[in-house]
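The values are calculated or read from the model by the stated rules, or taken from the named source; none is laboratory data. Quantities reported herein were computed from a predicted structural model and do not represent experimental measurements. Here Cβ is always computed from backbone atoms with ideal geometry, including for glycine, and neighbour counts include all displayed protein chains.
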Amino acid sequence: MRNSGVIRYEGKRGVVWRIKYVDANGVQIQETLGKESEGWTRKKAKAELRERVVRVEKKNWTKPSALTFADYADQWFERGQAHRHWSARTVSGYRGVLTRLTEDLGALPLASIRPSRITEYVAWASEVKKQGPASLNRDITLLHDIFKSAKREELIETNPADDVERPRIVQRKWRILEPAEIRAVLKEFEDEQARTVFLTVALTALRRHELQNLRWRDIILTDPERGPYMRVRKSKSESGVRSIPITPTLADALFEHRSRSPYQGEDELVFCSKSGRTFDDKTYAEQFRAALKSAGIEDYVRPFHDMRHSSITNDAAAGANPTALWRRRATRI
């Protein structure tokens with residue numbers, strides 16, 4: 001193809017390989033492929049040039065518009081909110097991730113981003129932003145979703161996040177509290193609401209956000225056929241919406257908690273702040289750790305994640321029906 005070729009450019013930061021060619025509209029394009037230190041060679045650059053030429057001849061390929069990553073990410077986010085029915089928690093989390101992504105990648109043309117550039121982002125986020133492996137993996141996952149959408153819309157040819165190496169997450173072992181330890185910790189809470197929160201998690205394995213969204217209309221203490229139970233209406237997935245039988249001990253504790261609460265209406269939150277809003281899980285975590293310490297437990301125990309597994313493990317050890325355990329965790333109402 002006329003006016004096409006491979007360019008080896010030697011700059012201050014090393015050798016960079018580029019290609020030039022003419023698109024289907026006759027526009028001369030010069031494209032930077034990458035650095036020699038990243039594995040680019042003349043042979044590899046020639047192969048890329050051949051691929052571009054074929055694309056022009058067979059697909060009438062033209063120079064992509066100068067749509068930036070930030071512009072497209074905004075469009076993707078707005079469409080997602082409108083059509084994918086994300087929860088408020090998901091929307092808030094995605095906003096935080098997109099803020100980081102656009103800080104580093106926002107000004108770049110969407111079609112110019114290569115896997116090596118995403119690798120650079122991971123290094124920047126780790127070294128400059130001090131992000132841990134779990135946070136970085138969330139960023140890469142969201143990047144992959146954004147580029148997957150752009151590829152589907154034929155704005156890019158390949159997804160540059162497909163083969164990006166993800167940071168390894170070291171899984172921390174759960175600290176399971178034994179039944180005797182749970183009884184000991186329960187006695188050490190100074191705040192009655194915190195005590196009831198602890199008992200509820202220990203006996204139902206509720207997730208943090210499920211507990212925070214629990215309302216009095218979801219607590220059924222008198223049912224002649226089923227006995228006392230609670231309904232989980234807001235979960236992280238549709239399959240998490242479920243009903244959970246509750247023990248007489250927990251039923252009594254919840255009854256007493258309601259009698260003490262100034263917010264007893266059916267639509268009021270079961271566990272809330274002094275103003276009736278969602279209770280502060282960070283304050284509860286401090287109360288939880290203080291109770292652990294008073295009970296003589298020095299290990300690090302996560303107030304919701306580890307306690308959720310403590311609940312399920314202890315019930316399984318006590319011979320609970322596996323179907324009932326599964327129902328507590330994930331069965332729909």
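Summed over region 246-290, residues that are in a helix (DSSP H, G or I) and either of a type in the set (Gly, Ala, Ser) or surrounded by 18 or more Cβ atoms within 10 Å (Cβ to Cβ) (or both) total 11. Look at region 114-125: where a residue is assigned to a helix (DSSP H, G or I) and a partner is surrounded by 16 or more Cβ atoms within 10 Å (Cβ to Cβ) and of a type in the set (S, T, N, Q), sitting 6+ places away or on another chain with Cβ atoms under 7 Å, you get ALA125/GLN131. GLU120: over 15 Å from LEU105 (Cβ atoms) and acidic (Asp, Glu), yes or no? Here the answer is no, as GLU120 does not meet what is asked. Just one of the listed residues (ASP162, ASP223) is surrounded by fewer than 19 Cβ atoms within 10 Å (Cβ to Cβ), under 24 Å from ILE246 (Cα atoms) and not assigned by TED's automatic domain parsing to the domain that holds GLU38, namely ASP223. When ARG172, ARG231 are checked against the criterion of being modelled with pLDDT under 95, under 18 Å from ARG289 (Cβ atoms) and surrounded by fewer than 16 Cβ atoms within 10 Å (Cβ to Cβ), ARG172 stands alone in meeting it. Being outside the structural domain of GLU286 (by TED's automatic domain parsing), surrounded by 15 or more Cβ atoms within 10 Å (Cβ to Cβ) and touching a residue at least 40 places away in the same chain (Cβ under 8 Å) is a property that holds for LEU110. Just one of the numbered conditions (1) farther than 30 Å from THR204 by Cβ; (2) crowded, with 17+ Cβ neighbours inside 10 Å is not true of ASP145: (2).
Could you please let me know if SER116 is within 25 Å of LYS129 (Cβ to Cβ), of a type in the set (Ser, Thr, Tyr) and surrounded by 12 or more Cβ atoms within 10 Å (Cβ to Cβ)? Here the answer is yes, as SER116 does meet what is asked. Could we say that TRP76 is of a type in the set (Phe, Trp, Tyr), touching a strand residue (DSSP E or B) at 6+ places or on another chain (Cβ under 9 Å) and outside any strand (DSSP E or B) here? No. Only residues that are part of a helix (DSSP H, G or I) and either hydrophobic (A, V, I, L, M, F, W, C) or surrounded by fewer than 16 Cβ atoms within 10 Å (Cβ to Cβ) (or both) were counted in region 79-97, giving 13.
Only one of these is touching a helix residue (DSSP H, G or I) at 6+ places or on another chain (Cβ under 7 Å) and either closer than 19 Å to PRO115 by Cβ or at pLDDT below 90 (or both): ALA47, ALA82, ALA73. Name it. First the steps, then the outcome.
On the way: ALA47 fails: touching a helix residue (DSSP H, G or I) at 6+ places or on another chain (Cβ under 7 Å); ALA82 fails: touching a helix residue (DSSP H, G or I) at 6+ places or on another chain (Cβ under 7 Å).
Going through ALA47, ALA82, ALA73 in turn, the sole match is ALA73.
Can you name the residue in region 185-220 that is among the acidic types (Asp, Glu) and over 20 Å from ASP299 (Cβ atoms) and is also surrounded by the most Cβ atoms within 10 Å (Cβ to Cβ) among such residues? Filtering first and then ranking leaves GLU210. Condition check for PRO160 on (1) free of Cβ contacts under 8 Å to residues at least 12 places away in the same chain; (2) under 30 Å from LEU108 (Cβ atoms): one failure, at (1). If a residue must be assigned to a loop (DSSP other than H, G, I, E, B) and over 12 Å from PHE198 (Cβ atoms), how many such residues does region 291-316 contain? Summing the residues that are assigned to a loop (DSSP other than H, G, I, E, B) and over 12 Å from PHE198 (Cβ atoms) in region 291-316 gives 6.
Residues in region 1-41 that are without any contact (Cβ under 8 Å) to a residue 40 or more places away in the chain, closer than 14 Å to VAL56 by Cα, of a type in the set (Gly, Ala, Ser) and in contact with a helix residue (DSSP H, G or I) (Cβ under 8 Å, 6 or more places away or on another chain): ALA24 alone.
Does GLU298 satisfy the criteria of being at pLDDT 95 or above, exposed (fewer than 15 other Cβ atoms within 10 Å of the Cβ) and either more than 18 Å from ALA205 (Cβ to Cβ) or outside the structural domain of HIS209 (by TED's automatic domain parsing) (or both)? For GLU298, the condition - at pLDDT 95 or above, exposed (fewer than 15 other Cβ atoms within 10 Å of the Cβ) and either more than 18 Å from ALA205 (Cβ to Cβ) or outside the structural domain of HIS209 (by TED's automatic domain parsing) (or both) - is not met.
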